[in-house]
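The values are calculated or read from the model by the stated rules, or taken from the named source; none is laboratory data. What you see is a predicted model; the values in this text were computed from it and never measured. FYI the Cβ positions are ideal-geometry reconstructions off the backbone, even for glycines, and counts take in every protein chain you see. The protein model used for the area step is the full one, side chains on, heavy atoms only, and it has no ligands, DNA or RNA in it. Shrake-Rupley method; radii C 1.70, N 1.55, O 1.52, S 1.80 Å.
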Amino acid sequence: MKCIWCETEDIRESVKDCYWIMPDGRVSVQILEVPAIECANCRTYVLESTAQQIEETLYWHDVSALGTAFSYEDLLKAPRVKNMFLK
């Protein structure tokens, strides 16, 4: 696997703590231990596919019980909102 930015092969799987703005734009949350790539040249970054998954999960799942700082695994386990109008 190569770095998507500099194309070096000197990369490894890692995790990163990230801040994310909730879909309503009012609050930010800290998501801990997000899967990431660590590159010797470009530092640590989250892949676009992981970022998209986080965006969709924040939108379609009820994370209100998790507070403002939670792990990536807890985010993925959050219950899905059944009726979007009730969110």
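Of the numbered conditions (1) loosely packed, with under 14 Cβ neighbours inside 10 Å; (2) outside any strand (DSSP E or B), residue 19 satisfies every one except a single condition; which is it? So residue 19 meets the others, but not (2). On the stretch given as the stretch 7-16, residues that are open to solvent by less than 70 Å² (accessible area, probe 1.4 Å) and modelled with pLDDT of 95 or more total 2. Of all residues in the stretch 22-60, those satisfying the criterion of being buried (at least 17 other Cβ atoms within 10 Å of the Cβ), part of a strand (DSSP E or B) and of a type in the set (A, V, I, L, M, F, W, C) are 29, 31, 34, 36, 37, 39. Selection of first residues in the stretch 42-56 that are closer than 20 Å to residue 8 by Cα and of second residues that are assigned to a strand (DSSP E or B) and among the charged types (D, E, K, R), restricted to Cβ pairs under 7 Å at least 6 apart or on distinct chains, gives the following pairs, ordered by first then second residue: 44/16; 44/38; 46/16.
Consider the stretch 61-86 and keep the residues that are assigned to a helix (DSSP H, G or I) and within 19 Å of residue 33 (Cβ to Cβ). The one that is least open to solvent (accessible area, probe 1.4 Å) is 75.
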